[in-house]
Amino acid sequence: MKKSERFHPPSEAQEALGVTYQPSAHGFLGPVNAGFPNPYPCPLCSLWTTLIDAAAVVFPGIRTTGNLDQCNGDPRGVARCSYSIIPGPSEGPKVGQNIRSSSVKSYVYSLESSARPNLQILLQHRAIKIAWKEDQATPTPKGIIFELESSPSQSFFVPVTEEVIISLGALSVSGTLPYSSAE
C-alpha cells in the first residue's frame, strides 16, 4: 500500500486539533492521494475527544496519546482516520476544496489508453460466471461470461490467458428485484 500512496501529512493546525500520524506507516510517492480534510472538520473534534475518553474508560491501557496512526498495523489505540483526498489549501479562494482521490483516477483515467492495452472497461455490463478449464489439478479459469444489462438473454465469452481479477463497481437496481423477500 505504501507504494501506491501519496500521503499528505497533517498541517500544524490539524496537529494542534489532535491529528497524529506515523511517517513510517505511509508512502509519499505513489499516485493515490490520502490525507486529512482542510480545514479539519472541528465539530468532530469534540466528538473525537468524547470517544477517546470513553475508550480509555472501557479499555484500560488503550493508547490514546502519542504518534498514533490507523495505518501502522497496530490496532491497539485510537487515532483519527485519513481520507482518500488531496487536502484543500489553507488560504486563498479554494480553501476547503478537498479533492477526492481514488485508484481509478490514479491508475486508469490518468493513463492514455495506449499505456493500458490489456484493460477494457465495460459500462452497463455484468459478469455472470467464470468458466473453468476442465481436468485441471488446480482450478484454472479459461474465460469470463458476461452480459449486457439491457439484454441479459445475450451473453458473451472472453477468454483468459493468465488471471482473473474480480472487482465490484457500482450497483444499480431499477424495477423489481429478481427475487422476493419471502425467499
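Just so it is clear, none of the values below were taken in a lab; they were calculated from the coordinates. In this text the structure is predicted, and so the values were computed from the model without any measurement. A quick note on method: Cβ atoms are made from the backbone with ideal geometry, for glycine too, and the neighbour counts reach across all protein chains shown.
For the reader, a short list of remarks on this structure follows.
- For Tyr40, no residue 5 or more places off, or on another chain, has a built amide H under 5 Å of its own.
- Modelled FRET efficiency - R0 25 Å, Thr140 with Ile166, Cβ distances, 0.05 increments: 0.95
- Applying Stokes-Einstein at 25 °C and 0.890 mPa s to the Kirkwood radius of the stretch 5-108, computed over alpha-carbon pairs, gives a translational diffusion coefficient of 167 µm² s⁻¹.
- Within the chain, helix-based [θ] at 222 nm, where runs of 4 or more DSSP H residues each add -39,500 (n - 2.57), nearest 500: -3500 deg cm²/dmol
- Measuring against 32 Å, Cα to Cα, the residue pairs Lys105/Lys129; Lys105/Lys133; Lys2/Lys133 contain Lys105/Lys133; Lys2/Lys133 as the ones spanning a longer distance.
- Length added when fully stretched, Val58-Val108, from 0.36 nm per residue minus Cα-Cα: 13.6 nm
- Using the Karplus relation 6.51 cos²θ - 1.76 cosθ + 1.60 with θ = phi - 60°, the per-residue 3J(HN,Hα) values for the stretch 87-104 come to x, x, x, 7, 9, x, x, 9, 4, x, 8, 6, 10, 5, 10, 8, 5, 5 Hz, with x marking Gly and Pro.
- Folded to 0 to 90 degrees: helix 43-58 orientation relative to the chain principal axis, Cα: 90 degrees
- Chain lengthening between Ser46 and Arg126 when straightened (0.36 nm per residue, less Cα-Cα): 24.3 nm
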